[in-house]
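Data block below; observations after.
The values are calculated or read from the model by the stated rules, or taken from the named source; none is laboratory data. Everything numeric in this text was worked out from a predicted model, so none of it was measured. Only protein heavy atoms, including side chains, enter the accessible area calculation; ligands, DNA and RNA are left aside. Shrake-Rupley method; radii C 1.70, N 1.55, O 1.52, S 1.80 Å.
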Amino acid sequence: MKKLTFEDLPMATQKILDRLELIEGVLRAPKPKTKEKDLDRLYTRKETAKYLRISLPTLHDWSKAGVLISYRLGNRVYYKQSEIDRSLVPTR
(Lines give C-alpha, C1' and ligand atoms only; values in the text may rest on other atoms or scores of the structure.)
Protein backbone atom coordinates (compact mmCIF):
# COMPACT_ATOMS: atom_id res chain seq x y z
CA MET A 1 0.00 0.00 0.00
CA LYS A 2 1.27 3.44 -0.88
CA LYS A 3 2.11 5.84 1.91
CA LEU A 4 -0.17 8.84 1.93
CA THR A 5 1.05 12.35 2.33
CA PHE A 6 -0.95 15.28 3.56
CA GLU A 7 -1.40 16.46 -0.03
CA ASP A 8 -2.85 13.05 -1.04
CA LEU A 9 -5.60 13.15 1.60
CA PRO A 10 -8.27 15.04 -0.40
CA MET A 11 -7.97 12.68 -3.39
CA ALA A 12 -7.82 9.57 -1.16
CA THR A 13 -10.85 10.76 0.80
CA GLN A 14 -12.78 11.35 -2.42
CA LYS A 15 -11.93 7.82 -3.65
CA ILE A 16 -13.17 6.37 -0.38
CA LEU A 17 -16.40 8.37 -0.58
CA ASP A 18 -16.95 7.28 -4.20
CA ARG A 19 -16.54 3.64 -3.24
CA LEU A 20 -18.89 4.05 -0.30
CA GLU A 21 -21.51 5.51 -2.64
CA LEU A 22 -21.18 2.48 -4.91
CA ILE A 23 -21.56 0.13 -1.95
CA GLU A 24 -24.61 2.03 -0.69
CA GLY A 25 -26.13 1.88 -4.17
CA VAL A 26 -25.72 -1.88 -4.27
CA LEU A 27 -27.15 -2.31 -0.78
CA ARG A 28 -30.14 -0.05 -1.47
CA ALA A 29 -30.95 -1.53 -4.87
CA PRO A 30 -34.22 -3.46 -4.81
CA LYS A 31 -33.67 -7.16 -4.43
CA PRO A 32 -35.36 -9.41 -6.97
CA LYS A 33 -38.47 -10.94 -5.50
CA THR A 34 -38.39 -14.69 -5.20
CA LYS A 35 -41.46 -16.39 -6.50
CA GLU A 36 -43.33 -18.67 -4.15
CA LYS A 37 -42.99 -21.49 -6.66
CA ASP A 38 -39.22 -21.05 -6.70
CA LEU A 39 -39.24 -21.82 -3.02
CA ASP A 40 -41.56 -24.81 -3.53
CA ARG A 41 -43.07 -24.61 -0.07
CA LEU A 42 -43.78 -27.84 1.77
CA TYR A 43 -47.20 -28.35 3.31
CA THR A 44 -48.02 -30.71 6.16
CA ARG A 45 -50.93 -33.13 5.82
CA LYS A 46 -53.25 -30.79 7.71
CA GLU A 47 -52.19 -27.74 5.68
CA THR A 48 -52.65 -29.67 2.42
CA ALA A 49 -56.10 -30.91 3.41
CA LYS A 50 -57.12 -27.41 4.44
CA TYR A 51 -55.71 -25.91 1.21
CA LEU A 52 -57.64 -28.44 -0.91
CA ARG A 53 -60.70 -28.35 1.40
CA ILE A 54 -60.72 -32.11 1.84
CA SER A 55 -60.54 -34.44 4.82
CA LEU A 56 -57.37 -36.18 5.99
CA PRO A 57 -58.71 -39.64 4.97
CA THR A 58 -59.42 -38.30 1.46
CA LEU A 59 -55.92 -36.88 1.30
CA HIS A 60 -54.55 -40.27 2.33
CA ASP A 61 -56.61 -41.98 -0.37
CA TRP A 62 -55.44 -39.53 -3.02
CA SER A 63 -51.83 -40.12 -1.99
CA LYS A 64 -52.25 -43.89 -2.25
CA ALA A 65 -53.95 -43.53 -5.64
CA GLY A 66 -51.14 -41.33 -6.97
CA VAL A 67 -53.26 -38.21 -7.35
CA LEU A 68 -50.84 -36.40 -5.03
CA ILE A 69 -47.19 -37.22 -4.37
CA SER A 70 -46.25 -37.25 -0.71
CA TYR A 71 -42.80 -37.00 0.84
CA ARG A 72 -41.89 -38.60 4.13
CA LEU A 73 -39.33 -37.23 6.56
CA GLY A 74 -39.20 -39.49 9.59
CA ASN A 75 -42.79 -39.91 10.70
CA ARG A 76 -43.97 -36.73 9.01
CA VAL A 77 -45.58 -36.47 5.58
CA TYR A 78 -45.24 -33.41 3.38
CA TYR A 79 -46.58 -32.24 0.02
CA LYS A 80 -44.92 -29.77 -2.36
CA GLN A 81 -47.02 -26.75 -3.28
CA SER A 82 -46.11 -26.98 -6.97
CA GLU A 83 -47.27 -30.61 -7.10
CA ILE A 84 -50.49 -29.82 -5.25
CA ASP A 85 -51.25 -27.07 -7.78
CA ARG A 86 -50.27 -29.32 -10.68
CA SER A 87 -52.69 -32.04 -9.48
CA LEU A 88 -55.61 -29.63 -9.87
CA VAL A 89 -57.06 -30.16 -13.32
CA PRO A 90 -59.55 -27.86 -15.05
CA THR A 91 -63.09 -29.12 -15.63
CA ARG A 92 -63.77 -28.18 -19.23
For segment 38-92, alpha-carbon Rg relative to the globular expectation (2.2 N^0.38 Å, N residues): 1.08
Give the cross-link partners of residue 64 among the aspartates and glutamates, using a straight C-alpha distance below 17 Å as the criterion and excluding same-chain residues fewer than 8 apart. 83
Whole percent per 5 Å bin, from 0 to the bin with the longest distance: what is P(r) over all C-alpha pairs of the chain? 2, 10, 15, 13, 8, 6, 4, 5, 5, 6, 5, 5, 6, 5, 3, 2, 0
Under-5 Å amide H pairs with residue 78, H placed in peptide plane, nonlocal only: 71, 72, 73
Protein accessible area in the chain, 1.4 Å probe - carbon and sulfur %: 59 percent
Identify which of 15, 50, 80 has the largest mean-square fluctuation in a Gaussian network model of the chain, with springs joining Cα atoms closer than 10 Å. 15
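Just to be sure I understand the rule: take each whole DSSP H helix in the chain, project its Cα atoms onto its long axis, keep it if the span is 24 Å or more and its mean Kyte-Doolittle hydropathy is at least 0.0. Which ones pass? Write out the running numbers ahead of the final one.
Details: long enough: 9-28 (28 Å, 0.32).
What comes out of the filter, once short or polar helices are dropped, is 9-28.
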In whole percent, what relative contact order does the chain give with Cα contacts below 8 Å and a gap of six or more residues? 26 percent
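Stretched out fully, how many nm does the piece from residue 78 to residue 21 gain, at 0.36 nm a residue minus the Cα gap? Write down the numbers at each step before the final one.
Working: separation 57, 0.36 × 57 = 20.52 nm, distance 4.60 nm.
Extending this stretch completely gives an extra 15.9 nm.
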